[in-house]
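Quick note: the coordinates plus some simple rules give every number you see, no bench work behind them. Bear in mind that the values here come from a model prediction, so they are computed numbers and not experimental data. So basically every Cβ, Gly included, is an ideal-geometry build from the backbone, and we count neighbours across all protein chains shown.
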Amino acid sequence: MENKEKNLIRKIEELKKKKNAVILVHNYQRPEIYEVADYIGDSLGLSKKAAETDKDIIVFCGVKFMAETAKILNPKKIVLLPAIDAGCPMAEMITVKQLKEFKKQHPGAAVVAYVNTNANIKAESDACCTSGNAVELVNSMKENEILFIPDKNLGAYVQTKTNKKIIPWQGYCHVHQNISPEKAKLAKEQNPKAKLIMHPECPAEVLKYADEICSTEKMVKFAKENKNKQIILATEIDMINRLIKENPENKYYSIGGTCPNMKKTTLKKVYEALEKNQYEINVPENIRIKASKALNKMISVG
Ligand code: 13P
Ligand code: SF4
């Protein structure tokens, strides 16, 4: 690590203490961002940490829907997103107007929104879920028909694990959508002893090659429980850094691409966020109250 980076890390740690802040970091962040994290994890783990923190400031190193979720769950805290333009293209794939129309077409069905949605969509949903608890969440709903938004791939995966009828919206994550069956097949042929772990945002025709399908945090658990193994990861490329950091005795390969939005957060931006209290994420109170009902169901399951 360069001296410049070490210096920034030291300055961030000092400011973090001075301002009574907590730094929450998603697994897909740049590896140097891990160095300033109080907690690294998946969407579910990070949401829970945000909801329970007693610090004054939450610095969210991830994308906007994650920081919004933190604000909705813990509204008295100042929530900062260091890279204000870090969004999630999948979250933009459904609008409130489209969701209202979708609901009208399926009266009696419940809406389960993947956490990768904007706050106004969560406010129009019955419950939220993450990739870590989507199956449990859907099974916990009293309705038998579920409008699953916006990820068609996660929706299709959940359908293989539930007796409820999933009616998916046609959104997707471009990073996981681009992992092809050919890539998965070739990786397995080249590394026949390796276990292939896939994120459920991958399409069904790719998931059929998986030895394990799980959220990013459960990938860490898998690596911990399978020592001295070869593991192929089908998810965002920087996930590999977390696994190498915590379970270096395994050999890892990745067939995933980069999420450019997750890379917008840099150490310099984290420092500036703490120094200038930027960029503060707020959610209008009427939307926050409605969205918090859906999000509280999410953090209470799984
Ligand atoms: P998880 O880390 O919750 O598995 O989600 C992955 C993701 O794509 C977040 O945007
Ligand atoms: Fe959104 Fe995909 Fe990036 Fe996650 S990896 S933030 S789902 S674009």
Residue 213's amide H: which non-local residues (gap 5+, or another chain) put their own amide H closer than 5 Å, with H modeled 1.01 Å from N in plane and none for Pro or chain starts? 198
Bridge type composition, the chain - antiparallel percent by DSSP, nearest 5: 5 percent
Using θ = phi - 60° and Karplus 6.51 cos²θ - 1.76 cosθ + 1.60, couplings along the range 270-276 (whole Hz; Gly, Pro as x): 5, 4, 5, 4, 5, 5, 10
Label the range 93-149 by shape, choosing from rounded, prolate and oblate, from the square roots a ≥ b ≥ c of the eigenvalues of the Cα gyration tensor; if a/c is under 1.5 it is rounded, and otherwise prolate applies when a/b is larger than b/c, oblate when it is not. oblate
Just need the Rg to Rh number for the range 28-94, please, alpha carbons only, Kirkwood Rh. 0.94
Given the options 208, 263, 18, state which has the largest fluctuation in a GNM of the chain using a 10 Å cut-off (strictly under) for Cα springs. 18
Rounded, prolate or oblate for the range 199-272? Axes are the square roots of the Cα gyration tensor eigenvalues, ordered a ≥ b ≥ c, and the cut-off for rounded is a/c under 1.5. oblate
C-alpha center-to-center spacing [the range 90-126, the range 237-293] in angstrom: 24 Å
Write down the radius of gyration of the range 247-302 and its Dmax, each obtained from C-alpha positions, in Å. 18.1, 49
Zero-based 10 Å bins, Cα pair distances in the range 191-230, whole percents: 30, 53, 17
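Over all pairs of distinct alpha carbons, what does the Kirkwood formula give as the hydrodynamic radius of the range 1-56, in Å? Provide the component values of the computation, followed by the final result.
Numbers: mean 1/r = 0.0830 Å⁻¹.
It works out to 12.1 Å.
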The range 163-224: Rg to Rh, with Rh as the Kirkwood radius over Cα pairs: 1.01
The range 1-71: relative contact order from alpha carbon pairs under 8 Å, six or more residues apart, as a whole percent, is 33 percent
Assuming 0.692 mPa s and 37 °C, estimate D for the range 40-151 with Stokes-Einstein, Rh taken as the Kirkwood radius over Cα pairs, in µm²/s. 223 µm²/s
Low-density loop GluC sites (Glu not before Pro), the range 230-279, at most 11 other Cβ within 10 Å, DSSP non-H/G/I/E/B, are 249
Cα-based shape type of the range 118-178, given that a ≥ b ≥ c are square roots of the gyration tensor eigenvalues and the cut on a/c is 1.5: oblate
Could you give the size of the charge dipole of the chain about its Cα centre, using +1 on the Cβ of each K and R and -1 on the Cβ of each D and E, expressed in debye and rounded to the nearest 20? 260 debye
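Quick one: 255, 289, 84, fewest Cβ neighbours within 10 Å first, how do they rank?
Placing the least packed residue first, the sequence is 289, 84, 255.
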Hydrodynamic radius by Kirkwood, which averages 1/r over all alpha carbon pairs of the range 68-220, in angstrom: 16.6 Å
With θ set to phi - 60° and the Karplus curve 6.51 cos²θ - 1.76 cosθ + 1.60, what are the ³J(HN,Hα) couplings of the range 168-184 in order, to the nearest whole Hz, using x for Gly and Pro? x, 6, 9, x, 6, 9, 5, 5, 7, 4, 7, 7, 8, x, 4, 4, 5
Which whole-number percent of Cα pairs in the chain have a distance greater than 33 Å? 23 percent
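For the range 146-198, run through the trypsin sites (Lys or Arg not before Pro) and keep only the ones in DSSP coil with at most 12 other Cβ atoms within 10 Å of their Cβ.
Numbers: sites: 152, 161, 164, 165, 183, 185, 188, 193, 195; in loops: 161, 164, 193.
Within the range 146-198, the qualifying trypsin sites (Lys or Arg not before Pro) (loop, at most 12 other Cβ atoms within 10 Å) are 193.
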Could you please rank 25, 270, placing first whichever residue has the fewest other Cβ atoms within 10 Å of its Cβ? 25, 270
Greater than 27 Å apart at Cα, pairs in 122/218; 100/142; 6/193: 6/193
